[in-house]
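Down below is the structure, laid out as structure tokens.
Values in this text are rule-based calculations from the coordinates and carry no lab data. Values in this document were obtained by computation on a predicted structure and should not be read as measured data. When we count neighbours, we look across all protein chains shown, and the Cβ atoms used for this are built from the backbone with ideal geometry, even at glycine.
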Amino acid sequence: MKRWKTIRNKENGKEQQGEEPFQALLQQLVNSDDFIQFTYKSAAGLLCIGYYTSLIDGKILHQDILPNIKSLESIHHLHSLIPIENIIVTSDVTKIKDSLLNGHMMVFITKDIGQIGLVRAPVDNTREVSIPEVEFSVVGPKESFVESLDKNLNLVRKRLPLPELKTIEIVIGTISKTKVSVLYIDGIANKENVQTVTQRLSDLEIDQVNDSSYLTQLIQDNQNSPFPQLIDTERPDRIASALGEGKVAILVDGAPHGLIAPTNLFEFFVAYEDYFLNWAVATFFRLVRFFAVLFSILITPIYVAVLTYHYELIPKDLVSTLVTSRNPIPLPPIMEALILELAIELLREAGARLPTKVGQTIGIVGGIVIGTASVEAGLTSNVLLIIVALAALASFTTPVYQMGNTIRLIRFPFLLMAHYIGLVGVAVSFIFLLIHLLRLSSLGRPFLEPVYPLRLQGLVDSIIRLPIPFQSKRPAQSQAEDDKKFNAMKAKRIKDTKKND
Amino acid sequence: MEKKEKQISPFLVFFLIHKIQLGVGVLGFQRDIIKFAGNDAWIIVIVAAILVSISLWFMYVLLNRHQVDLIDIHKDLFGKWAGGALSIIWIINWILLAVTVFRNYIEIIQVWIFPIINVGMISVIFIILIYYCISGGFKVVAGLSFLGVVIPFYIFMTFLYPLEYANFRNLLPVWNHTITEMALGTKEMMLSYLGFSTLMMFYPFIKNPTKSQKWAHFGNLFTMVLYLFLMITTIVYYSEKQVNRYVWATLSLWQIVEMPFVERLEYIGIVSWLLIILPNISLNIWAATTGAKKIFNIKSNKLLIGLLVLLWLFVILIKNSDTIAKLNQISSMFGMGLIYGYVPILTVISFIILKRRRKKDGKVTN
Amino acid sequence: MGKLRINIGLLAVSATLLTGCMGIETQVVDELQLATAAGFKHIKDDEIEATISFPVFLTDKTVKNATLTATDTLNKELRDRQNLKSEKPIVSGKLEVILFDRQLAERGFFDHLDSLMRDPSIGSKVFVVVLDDDPKDVLSKQYGNKDTGIYLSNIIQQNIETGLIPKTNLHLFTYNYYAEGKDPAIPIMAQSRDGVGIRALGLFKHDKLVHQIEKDELFFYKVLFDSNSSGETMAIKFNEDKKASIINVESTRKYEVLQPMSNAEIKIKVKAKMMIREYNNGLLNKDKMKEMENFIKKRFEEKSAELIQQFQQKGTDPLGIGEQVRTRTRNWDKKKWDELYPNIPITVQAEIEMIESGLIN
């Protein structure tokens, strides 16, 4: 601190006024213990270097900067001395501050007082691109996003080598200063959507953005809905294909998940692997998933409703099974169901909080021991145990993690309503859910899009997935400027050379 | 015309018209018709549908000429005060239709599922649903109508089960009744098709409304197909005097169904029916709210809550099945009068007034 | 923000409403006494004795049959009286069989059925049966690891499916009861040494039992009754030691009404393909087959005519001949038909074809 002051006093006492903000900055910087600064004697007098050790790559510093910098005569000669392309000379204090915090080191000499050279030498300690874990697929590409925005952009750009792929960078967060990139393909994506996204992002008032899921919660149309209205994905291929459909993607620095908008309910049940499989197989899997969702939401409530109010519905051959299994149980069906549902939620939560290996053990121990024991103790019936376990299993088939959580949550209101007014309650909850979904929108586009409003163009890839030539048009939901993907006729034709047999 | 974002595509009119026609009456319409027309009741279903189509045509003639909703037509033709007064008649009609459907459904729940249910409470729950639906705007109401047709469609498949006991000879001999009997039956049947007058409110919410006419007729046709299917099933499944014993013949059809995983489908049917009648009530209340908003210039949210409270009061004040029967009679006669009397007359009046105006303003417009 | 507040308000209101006073009774399935069979017996005048049987499910997966009996005049009163004696509330939603003793059947029991039809919890597939013994006696016995209601219903169901008796249930009974030109027919059951069995088919005029078709004649009745039928079996005796058992593979029945609503003849034409199941007279050759065809044809026509004559005498019309006439006439007059029915000549024409003789000839 003192040394900086002395330099200034010795060399240039006159410029004190213009130096004020810079002085303040220095004071601020030196207060942090990981800010290093030292002074050299160089060809042109005193040479000072300052940087955050935690942000600077020592290798670059030692190999490229320090050996070359001693012969510096003027700050403007930095370019010729140091083999690094990213060098700026400026006197803008904010810029200096930001650059220092982004992995630059600053250089300044007594001769050119007021002019600071900024040399970029950031340390790169993000993890390597790895296999997707949340959206794992057996076949198909196996790379997923990491925490570095640059790497993520690189992953996307590799898949879309187009000059039309545009990014808009926005910095969000008063203290986190997170870089957020909005990606879209010019000429395909609807300008209005891009406009809405950038508008919403730049209007955000928040201190920290630690992950893309912050943005999902902040910019989606209805923030009180348990349903996410933006898809988050860790697969660059999924983002690339969404961009190709005319959608807008958001990548956040420090977040291994990108966001896609606009989207609809059905896309949340699309595993990207579907596209790597034959269409019939993929359609079957999708239908299984939709069935699983309905099953997971409805089966326990229906059990509770039927056993509590509508015994008439039970077929005569099933009566004895149900009654025998429920006979020793002192609790009403709702309590029984709630205990089991809570047990499953506890197991899930415990498994999620513990390290992977311990978590697995918990799952098995909990599942087997607690399940069997509670049946034997006469706290729950084994029929319900099967039902709840299947419902839980079914809820885990949802490919998008956030949606899976939602589905587990909305089971509980259904359950309570089933207890209060039986099947009427189940119907009321179901209709409430339908109206809620009808009211939802994603970037102002209806959330149930290919079904309501009915769009045949989108239906070919929603609940079912038809062969690729059928998907020659971009879904209506993204309102693409150019809605034709490829020529369906040409895609169907296989141009083999004539066989000689 | 409304803003483009608020409008729906013309083919959705198919679902709206169908939905508003297929209410709670379908669960027990057979008795009143078979009472008059016996085994020829199915003919009546078709005849009534044709008459409804004619009335739809009248409505479209009127609406296509004005390109605005009924309230504005009234205002245009009769001025602010007289027009407003006439509009209030229609608003009452829609509220009455909503009350009828609502109360009948609750009666079914009372009789079939929960003999001692607190009517006030259960209707509050339904009304919350209706509020949540209507406050989302017309698009949500239309969307629920669409889903209310598509999702519960499976229950019509289950009516194939009773055909195991069908006696198709019951349909013979064809045309076994007098014209008077048939006419009386037709009058009764037309009540089952009522409710499509809400078209005159949502007309401006349709993109290319003139193009939607064919969809409206298709919707009516679809309703007819369902009624016809149910009527024929009823005729072949029951004996004529037996039907007269059943207040809800459609529901009683389900009592015979047994599947490996579920018996007694009438419970499932009644519960699924909630999704069928809720858009119906919502559409009526929506029409009433939109109309009243235009006349009185009140904020629509407050008005909606007010109307729903009114609906709730009506529903809990009507206590026994006699009053419900009376309500059904009043609302259906009222609705019939409006559709078959008022609409054609209005069309003619509009024709005359507009013609006279055109003569007057001839020079100006040219 | 305002919207959020409204939504939360709505949730709060509905939550408080729900927890309070929906006012509906729970009917938890294991806290109910699920009656599976109800038997009614005539005591005197209006008084009837009602017995219900219900399963008691034990924890070792066995089912015990239990019964409750009460005497009163009104159906639902009976239920209350039974409830007084019951550990859990009795409900009738799982009723499978309704039994009436012969005396009650002969006096007419439609009033009792009426109260059952009025009850929405009772399905239309309930079997209505006449019992030759005391219902209390039959219902209080246990047959195998199930309750008696299920046991009885299984017997009837099985016999309908194999085609030995025509379809029957509460709906069909009411259908025929109300139908003009058709009368109900329901199975008559009775105790035997090895359990309970179907003894005959009881024929009704309105709701009163007037006549019955014995086991051996059910074959003819069934073939005449269904427009398409299969699966009925019959044993025929040519003489003391020539015997055969045949099964109806496929038969069709058509009516020919020349002049409806008059005394003109009504023809019933039956075409049947039959198969031999058992034969104890040496080899079956073509001649013998032909002979058998003729024999069966003759016997069928005779027996059927005899049956129909019995029906006409008793004034009951289980075959629905009246319905055939009704659907062929305009301006149907039920009274006139009731007068005509006993005297109309009704003939049966059969066309029998033996198609198979089993694995051996």
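Rounded to the nearest 0.05, what FRET efficiency is calculated for C:K141 and A:V369 with R0 set to 60 Å and r the Cβ-Cβ distance? Let's see the in-between values first.
Details: r = 45 Å, r/R0 = 0.75.
Efficiency computed from Cβ-Cβ geometry: 0.85.
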Legend entry - Part-to-part distance (alpha-carbon centres) for region A:211-241 and region B:6-84, which is given in Å: 44 Å
Legend entry - Helix-only [θ]222 nm of chain C, DSSP H runs n ≥ 4, -39500 (n - 2.57) each, per residue, nearest 500: -10500 deg cm²/dmol
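Can you classify the protein assembly as shown as rounded, prolate or oblate using the Cα gyration tensor, where a ≥ b ≥ c are the square roots of its eigenvalues, rounded means a/c under 1.5, and otherwise it's prolate if a/b beats b/c and oblate if not? Please list the in-between numbers first.
Values: a/c = 2.49, a/b = 1.91, b/c = 1.31.
Prolate, because a/c is 1.5 or more and a/b exceeds b/c.
What value does chain A have for Rg/Rh, both radii from Cα atoms and Rh as Kirkwood defines it? Write down the numbers at each step before the final one.
On the way: Rg = 30.3 Å, Rh = 27.3 Å.
That ratio equals 1.11.
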Legend entry - chain C - Rg and Dmax from Cα coordinates, angstrom: 25.8, 97
Inset, instruction - With r as the distance between the Cβ atoms of A:Q195 and A:N487 and R0 = 25 Å, compute the FRET efficiency 1/(1 + (r/R0)^6) and round to 0.05. - result: 0.25
Legend entry - Environment charge at C:R102 (Cβ cut-off 13 Å; Lys +1, Arg +1, Asp -1, Glu -1): -1
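Taking the Cβ-Cβ separation of C:E293 and A:A389 as r and a Förster radius of 56 Å, what is the calculated FRET efficiency to the nearest 0.05? If you can, show how the numbers build up before the last one.
Working: r = 62 Å, r/R0 = 1.11.
Plugging the Cβ-Cβ distance into 1/(1 + (r/R0)^6) gives 0.35.
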Legend entry - Length-normalised contact order of chain C in % [C-alpha pairs under 8 Å, at least 6 apart]: 13 percent
Inset, instruction - Starting from the Cα of B:K319, draw a straight line to each of the lysines and keep only those under 25 Å, dropping any in the same chain fewer than 8 residues away. - result: C:K76
Inset, instruction - At a Cα cut-off below 17 Å, give the aspartates and glutamates reachable from B:K3, other chains included and same-chain residues fewer than 8 away excluded. - result: B:D69, B:D72
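222 nm [θ] for chain A, helices only, -39500 (n - 2.57) per DSSP H run of 4+, per residue, to 500?
The per-residue figure over chain A is -14000 deg cm²/dmol.
How large is the helix-only mean residue ellipticity at 222 nm for chain B, computed as the sum of -39500 (n - 2.57) over DSSP H runs with n ≥ 4, divided by its residue count, in deg cm²/dmol to the nearest 500?
Numbers: 17 runs with 257 residues, N = 366.
-23000 deg cm²/dmol, from helical runs alone.
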Inset, instruction - Please list, or write none, the lysines whose alpha carbon is within less than 20 Å of the alpha carbon of C:K242, excluding same-chain residues fewer than 8 places away. - result: C:K286, C:K288, C:K290, C:K297, C:K298, C:K303
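Over region C:27-206, what is the percentage of antiparallel beta bridges among all DSSP beta bridges, to the nearest 5?
65 percent
Which GluC sites (Glu not before Pro) does region C:72-128 hold that lie in a coil by DSSP with at most 11 other beta carbons within 10 Å? Numbers along the way, then the final one.
Numbers: sites: C:E77, C:E87, C:E96, C:E106; in loops: C:E87, C:E96.
Loop-located and lightly packed - C:E87.
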Legend entry - Neighbour cut-off at most 13 other Cβ (10 Å), DSSP loop, GluC sites (Glu not before Pro), region C:215-293: C:E240, C:E265
Legend entry - For chain A, the longest site-free run once trypsin sites (Lys or Arg not before Pro) in DSSP loop states with at most 16 other Cβ atoms within 10 Å are removed: A:178-492
